1. Counting only pairs 8 or more places apart or on different chains, how many lysine pairs in the range 130-212 have C-alpha atoms closer than 22 Å?
2. Around S36, under 15 Å between beta carbons, what's the net of Lys plus Arg minus Asp minus Glu among the other residues?
3. Can you classify the range 230-352 as rounded, prolate or oblate using the Cα gyration tensor, where a ≥ b ≥ c are the square roots of its eigenvalues, rounded means a/c under 1.5, and otherwise it's prolate if a/b beats b/c and oblate if not?
4. Roughly what angle does helix 223-237 make with the longest principal axis of the chain, taking Cα atoms, 0 to 90 degrees, to the nearest 10?
5. In what sequence, highest mean first, do 269-277, 189-197, 492-500 appear when ranked by Cβ atoms within 10 angstrom?
6. Going by alpha carbons, how many degrees (0 to 90, nearest 10) lie between the helix axis of 182-197 and the longest principal axis of the chain?
7. Name the residues whose placed amide hydrogens come within less than 5 Å of the amide hydrogen of F707, ignoring near sequence neighbours (fewer than 5 apart) on the same chain.
8. Along the charge dipole of the chain, pointing to its positive end and built from +1/-1 on Cβ of Lys, Arg, Asp and Glu, which listed residue (V672, I771, V351) has its Cα farthest out?
Amino acid sequence: MGDLAVKAGIHPLIAKIFQNRGIGDIDYIKKYLYPSLDELHDPFLLKDMDKAVDRIINAVNGGESIVIYGDYDVDGITATSILYHFLTRLKAKVEYYIPDRMDEGYGLSMSGMDRILEANASLIITVDCGITAVEEVKYIKSKNVDVIITDHHRCKEELPDALAVVNPTRPDCEYPFKGLAGVGVAYKLLDALCIKMGLGDLCREYLDLVAIGTVADIVPLVDENRIIAKFGIPVIENSGNLGLRVLMESCGLDNKPVTSYTIGFMLAPRINAAGRVGDARRAVELFNTRDREKALDLALELNDENRYRQDMEGDIFQQALSFIDSNIDLDREKVIVVAGEGWHAGVIGIVASRITERYYRPCILITNEEGMGKGSGRSIQGFNIFDALEHCEDLLEKYGGHELAAGLSLKIENVPEFRKRINAYADAVLTEYELTPKLKIDAVIGREDVNVETVEAIEALAPFGPGNPAPLFLYNNLKASDIRTVGEGKKHLKLKLWEDEFHIDAIGFNMGEAAGSFKCGDALDVVCTMEINTWNLVERVQLNIKDLRHEMYSTVENMYFYSLDQCLDTSSLCGRSGDVDLQAEWNDTISSREDLFKVLSEPKALGGKTALLVNSLAHVKTVVERLEGSGEDFKRICSIGYGDFSCKNSTPVNIIVNPDPRKIPFDRIDRVILYGDWVSENYLSCILKKAGCSKIFFYGESGRIRFKKDEIIPERSDLAAIYRYLKANYKNEIRVENLFALAGRIGDSYRIRMNYFKLKKGLGILEEVGIIKGEPFGRQGMTLKILNNGKAKVSLDSSRLFRGLQALKAQIKDK
């Protein structure tokens, strides 16, 4: 690591990030950190670029009427804007046409072609659309109008018979980079025209709009896109485009640094609003006007429409959530398909994105417009939504898009079959692994890494986005204090974190609900980015939290004790079954000299489905530690769950902690491996009977009945502590939302070992002897009522649960 930092001349943490991303080539790193516009590829490497350039030059010189056919999103608007402005500088006779999202939808349309014919155009140039417009191009060609297509979307098997089709993704195009946005392809056209016409670097004046369109279209910020964004974003800050400057002023961005976040969450939504809920032509007009008053009016219109779009988006989002909660079983349907009446077609794509983010499922929202459904879809890594639509194309009228986003139209009566068909396709290609949201950690950090100099060094990796995410860091075992919620609706989490004498502020946006899950003094593992927060001219580093959990082993303990309570009742905790001979009837053993995880990592050799059952907390921690340190390949074939969760997974190996024999479908499992110690002979016997002993394999000396008594047996002193804490801190009516947190507070107050399982059993004992009355509250809480003020004496021996736990304690070995 240090060697790479020295050779590349970079900060040690940056070197660690590169190495953890699999990058160690010094030349590549230097080019990545210090790119040059001269590294952009030759535009004439794009197939048909020469034909497109020659035809445009002839049209300009001949005074022909040219129409640019654009799209109504940010990518299409910026592509239209730069090509229109460039051609007007060449004194071309040029107009632009952007279809109405509601009336015409995406791409070339016959009605649009007819309007262009009325303008007597002899050349149409598409930007950010047209690659699937086979019939439309055929029609316009029959009217003796030439068509040049520039696009970046996925090609279908048949290309339009246009004069030129400029698209890096076409199969016969050898262009080195396939990931350009639509505005990126349009920029390459401008670059080629500049080369052919001897105009020098004139095209570089448009890098501000090219960067905005590139970032907004969520294309990978690598290769040419990185160069475009890297050099275009500084141009935005000092843009010569009057309309862009006014737009930035109207949303409070003047004289402020611009980042990919600024573009994606402040500029792009306002530009998009023009086409989503109004006329996208106004955004093109904004970027081409020289009249400041007109620019201000247009910018204010876009701001107003963005607010209107936000209100509309919120309504549709709530309607969609209601439908999902009532009508969709997320355990069975991997793709969320929701159709609604009267939803604005320009907004459903944003809502689909929010639903995908919320549930981590591909989502397609469809609005019904007089029997025709218009849909917009968003996806997750590992599920190509364009391919999925292609699988269902006989049900669709029209579709197009990318791997992660697509649009479609279909007859509304086809929606149920479409929902069924696309989910059948998802079942064949998606596993639980792909449906599990993941955070890829770039480096583990400590206090020595958290400083302003490090954050400034990290900025060399910007701009951040798809393909080049902002580095995520893991900071382990930080203590929490000053936990609170902030912002409108208290939706953000704010807290202070510390390690010894080192303290730092942290914020988690849209994580306000997590505040109740933690208490001051908790040890936390935090996944975060680092940023500089300036207050009163003082710069301090702040952690921007992306996820947090109780320190790993604390989390494991919580899940362990929760699932232990779920799967064990009094009868299974104590007593001996006698129905199964634990020493004689299992199938075989796996020698402890063999690496169990090496055996599990070869599921094809094992064949079928394997369940590894674990019941001891110490052995659960061993399993989790091995999983945390294993590679992605092993995680794809192996899943871990608590109780019965893992059996829903499609992975060949399922690790099940505290298996509930009543809920495990052993008929779908080919072999069961028991690992580690068990808390009860009766409980283990139940599992053996349910599984069938012929399926059982013991690993080494697994199956011994022993555990740490103070982990699960509440003693009289524990019960007294629970009662005293409730009396001291609550009135007679108590609502406890989180028993985990309550257990921690009781343990801290009386310096005893207390966990969810002991607390739950303790409350059960207190209820059986008449001291309290309890009812479940939510998933992890209880409502309690104190019935005995402590004056009336009670006998704990009158509690069946207390007697059973004490009997268990007398039978087992402590370890």
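The values are calculated or read from the model by the stated rules, or taken from the named source; none is laboratory data. What you are looking at is a predicted structure, and each value in this text was computed from that prediction instead of being measured. As a convention, Cβ positions derive from the backbone with ideal geometry for all residues, glycine included, and neighbour counts pool all protein chains shown. Surface areas here come from the heavy atoms of the whole protein model, side chains and all, with no ligands, DNA or RNA. Shrake-Rupley method; radii C 1.70, N 1.55, O 1.52, S 1.80 Å.
1. Eligible lysine pairs with Cα atoms under 22 Å apart amount to 5.
2. On the way: positive: K30, K31, R204, R226, K230; negative: D27, D38, E39, D42, D191, D201, D223, E224.
Around S36, the charge tally is -3.
3. On the way: a/c = 3.25, a/b = 2.06, b/c = 1.57.
The shape class here is prolate.
4. The helix 223-237 is inclined about 80 degrees to the chain.
5. With the highest mean Cβ count within 10 Å placed first, the list reads 269-277, 189-197, 492-500.
6. The two axes meet at around 30 degrees.
7. HN-HN under 5 Å from F707: K813, K815.
8. I771
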